[in-house]
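To start, the structure under review is shown below, and the notes come after it.
The values are calculated or read from the model by the stated rules, or taken from the named source; none is laboratory data. The structure presented is a predicted model; accordingly, all values stated were derived computationally and were not measured. Reconstructed Cβ throughout: ideal geometry from the backbone, glycine too, with neighbour counts over all protein chains shown.
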Amino acid sequence: MAVDESGIGNAEDKVNKIKNKTLGTLYDMRNAKTCGMIEENKALGIRKFAKPIGVIANVVPCTNPESTICCLALSTLKTRNAQIVSPHPRTQKTSYETVQHVRKALEKIGAPVDLVQCIKQTSHAKTSELMANCDYAVATGGAALVKVVYAAGKPAQTVGAGNVVSIVDETADLPTAAHKIRLSKVANNSASCSSENAVALYESIYDDMIEALKAEGGYLCDTEEREKLRQYMWPDGVHLNREIVARPATWIAQNVGLTVPDDTRFLMVVGEKVGPEDRFSGEKISPVLTVWKWTDFDEMLDRLEQILKFSGEGHSASIHTENDERRVKLALRANVGRIVCNMPHAHANSGGWTTGLPTTDTLGCGSWAGNIFSGNVNWENFLNYTLLSIPKEEYIPEVGDLCGEYLAKWGRD
Amino acid sequence: MEDTIQEMYARARKAFREVEYWPQEKVDEMVQAVAWELMRDDYGSR
C-alpha cells in the first residue's frame with residue numbers, strides 16, 4: 001500500500017519487514033518486566049518501580065510508514081503508554097491504516113483503543129502542536145526533524161542520517177560478502193538509512209570484489225556515466241533529488257539515460273573525494289553504491305572518520321573480515337552506535353535473527369547526531385523509574401582507600 | 001477519528017489513565033494481541 005501511495009520501496013520487502021520487525025520486537029520484550037516493582041537490591045535497601053511516561057508523540061517517516069509504528073506501538077504498549085502517530089504527508093494513509101489494525105486488536109481484548117491514535121490529515125502545524133503538547137516524543141527522521149523536535153521542548157528520542165561504509169579486507173570470503181552486501185543494499189530499494197552507501201575494498205582484493213559485486217547485479221559506471229548520474233542525483237549540486245529515493249536501479253538508469261543490463265540491481269561509482277565536493281561520499285537513500293579502495297587499514301579509518309563527519313556520524317558501520325583485531329580497531333575508532341561484522345548490514349544493525357542487537361526501526365545516533373541516545377530505541381526508552389530507598393547499614397569510605405593507586409604512585413603531598 | 005490535537009491528546013490521556021496501573025499479565029496480553037494482528041497473513045499484502 002505504501003509503495004502505491006509514495007512510490008517508495010518494494011512491496012514484498014515491506015511485508016517481510018513488517019513481520020520481521022514485529023516478531024523481533026515481540027521476542028526482545030518477551031520476558032521484560034515493565035510494571036510495578038522490577039528490581040530489588042536488599043543489601044542497598046533499594047527497590048525499583050517501572051512507571052509509564054504518559055502520551056508519546058511518534059513522528060513516522062515516509063520511508064518506513066508501517067514498520068516504525070509496529071515496533072513503537074508494541075514498545076509503548078508494553079510500557080503502558082499512549083501514543084499519537086504523526087505520519088509523513090506522503091504516506092499518511094498507510095500509517096493511518098496500520099494504526100487501525102492496532103486499534104482493532106486493542107478493541108478485541110477490551111483495552112482502550114485510544115492508546116494508539118493517528119493524525120488523519122497531517123500538517124507541519126499539527127506535528128508541532130502535537131510535540132509541544134505530548135509528554136515525550138520519538139521522531140524517526142533527518143537532521144531538520146531533530147531540530148523541530150527539540151525546539152518543541154519535550155524530552156525526545158531522535159535519529160540521524162545513515163551513511164554506512166562496508167569495509168572488506170583480504171580475509172573475507174568475497175562472493176559471500178558480495179552477496180550479503182547486495183541483500184542489504186537492494187532491500188526495499190535502499191529506502192532504509194541502514195543500507196550500505198559505500199564499500200571500501202582492500203587493494204589486493206579490489207578487482208575480485210568488483211567482479212563479485214557485478215555477479216550480484218552491480219553495474220560499475222564509467223567516468224562519463226558517473227557524471228550523468230551525479231547531475232541527475234544532485235541537480236543543484238547540493239540537494240538529493242527526492243525522485244530517486246528508493247527507486248529500483250533500472251528505473252534510475254533509465255531516467256539518467258544509462259544503458260544497463262536488465263538484471264542490474266544496484267549502480268556502483270568510484271569514490272573520488274570525501275565531503276561536499278563529491279556528493280557520492282554521503283547519504284544516497286537509493287541503490288547507488290560508492291566504491292573506495294584502501295591500502296592501509298589505519299588510513300582507511302582516518303578516511304572513514306572524514307566520511308562520517310561529512311555524513312552519517314553516529315549511525316552505523318560495517319566490516320567483512322575474519323580479523324578480529326580489525327573489528328575491534330574499527331569499534332574503537334568509528335563514532336557510530338553499532339558496527340555490524342560479516343552480516344547484511346540493513347538486516348542486522350536494527351535487529352535480526354543472526355545478531356544480538358535489539359530490534360528497532362529507530363536508530364539513536366548519540367550526541368554525534370544531536371540525539372540523546374546512541375542505541376537501538378526499544379521499550380526500555382519509554383519508562384520512568386521510582387527508586388524506593390530504606391536505610392541500609394551505614395558505611396563511610398576512607399578517601400585514602402579510594403585514591404589508593406594515585407597515592408601510591410604520586411604521594412600524599 | 002477527529003484529528004484536533006487537543007482532543008486527540010485528551011483521549012490519549014484518558015486511555016493512558018485507564019492502563020497506568022495495569023499488571024504485567026494484562027499488559028503482556030495486550031502486546032501479544034497487537035503483535036498477532038500486525039503479523040496476520042492478510043495484513044500488509046493488500
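Odds and ends about this structure:
- Cβ-Cβ contacts under 7 Å between residues 6 or more apart (or on different chains), taken from a first residue in region A:249-278 that is acidic (Asp, Glu) to a second residue that is not in a loop (DSSP other than H, G, I, E, B), are listed as A:Asp262/A:Thr250.
- Single condition A:Gly257 does not satisfy, out of (1) at pLDDT 95 or above; (2) on the phi > 0 side of the Ramachandran plot; (3) touching a strand residue (DSSP E or B) at 6+ places or on another chain (Cβ under 9 Å): (3)
- Considering (1) crowded, with 23+ Cβ neighbours inside 10 Å; (2) farther than 20 Å from A:Trp379 by Cβ; (3) without any contact (Cβ under 8 Å) to a residue 60 or more places away in the chain, the lone condition that A:Leu115 does not fulfil carries the number (2).
- Test result for A:Glu107, closer than 16 Å to B:Arg11 by Cα and within 7 Å of chain B (Cβ to nearest Cβ): no
- Qualifying positions in chain B - among the charged types (D, E, K, R), under 18 Å from A:Ile69 (Cβ atoms) and modelled with pLDDT under 95: B:Asp3, B:Arg40, B:Asp42, B:Arg46
- Residue within region A:235-248 that is surrounded by 15 or more Cβ atoms within 10 Å (Cβ to Cβ), outside the structural domain of A:Cys62 (by TED's automatic domain parsing), in contact (Cβ under 8 Å) with a residue 12 or more places away in the chain and in contact with a Leu (Cβ under 8 Å, 6 or more places away or on another chain) present: no
- So A:Asn58, is it at pLDDT 95 or above and in contact with a Gly (Cβ under 7 Å, 6 or more places away or on another chain): no
- Annotation note: Cβ proximity below 8 Å between a residue of region A:290-312 that is at positive phi and touching a residue at least 12 places away in the same chain (Cβ under 8 Å) and a residue that is surrounded by 18 or more Cβ atoms within 10 Å (Cβ to Cβ) and aliphatic (A, V, I, L, M) (sequence gap 6+ or interchain) occurs for A:Gly312/A:Ala161; A:Gly312/A:Val164; A:Gly312/A:Val336.
- Only residues that are at the interface with another protein chain (Cβ under 10 Å from one of its Cβ atoms) and assigned to a loop (DSSP other than H, G, I, E, B) were counted across region A:124-152, and they come to 2.
- Checking each residue in region A:121-158 for being at pLDDT 90 or above and of a type in the set (D, E, K, R) picks out A:Lys126, A:Glu129, A:Asp135, A:Lys154.
- Identity of the residue in region A:83-98, in a strand (DSSP E or B) and among the β-branched types (Val, Ile, Thr), that ends up nearest to the other protein chains (Cβ to nearest Cβ): A:Ile84
- On the stretch given as region A:333-381, residues that are closer than 14 Å to A:Gly24 by Cβ and assigned to a loop (DSSP other than H, G, I, E, B) total 17.
- Residues being more than 10 Å from every other protein chain (Cβ to nearest Cβ) and within 21 Å of A:Ala11 (Cβ to Cβ) - total across region A:49-70: 7
- Yes/no for A:His101 being more than 8 Å from chain B (Cβ to nearest Cβ) and either under 25 Å from A:Lys14 (Cβ atoms) or modelled with pLDDT under 95 (or both): no
- Long-range neighbours under 7 Å by Cβ, at least six apart or interchain, first residue under 22 Å from A:His239 (Cα atoms) within region A:131-154, second acidic (Asp, Glu): A:Thr140/A:Asp361
- Failed criterion for A:Arg80 (all others in (1) more than 7 Å from every other protein chain (Cβ to nearest Cβ); (2) closer than 24 Å to A:Cys35 by Cβ hold): (1)
- Filtering region B:7-35 to residues that are assigned to a helix (DSSP H, G or I) and more than 7 Å from chain A (Cβ to nearest Cβ) leaves B:Glu7, B:Ala10, B:Arg17, B:Glu25, B:Lys26, B:Asp28, B:Gln32.
- Residue in region A:283-300 that is under 22 Å from the mean Cα position of the chain (by Cα), modelled with pLDDT of 95 or more and in a helix (DSSP H, G or I) present: no
- Test: residue in region A:2-13 that is of a type in the set (Ser, Thr, Tyr) and closer than 29 Å to A:Ser123 by Cα: yes
- Between A:Leu383, A:Leu330, A:Leu304, the distinction of being of a type in the set (A, V, I, L, M), assigned by TED's automatic domain parsing to the domain that holds A:Gly36 and modelled with pLDDT of 95 or more belongs to A:Leu383 only.
- Selection within region A:110-123 - out of contact with any strand residue (DSSP E or B) (no Cβ under 6 Å at 6 or more places or on another chain) and within 7 Å of another protein chain (Cβ to nearest Cβ): A:Ala111, A:Pro112, A:Asp114, A:Lys120, A:Gln121
- The listed residue being in the same structural domain as A:Ala191 (by TED's automatic domain parsing), in contact with a helix residue (DSSP H, G or I) (Cβ under 6 Å, 6 or more places away or on another chain) and closer than 27 Å to A:Thr22 by Cβ, out of A:His320, A:His345: A:His345
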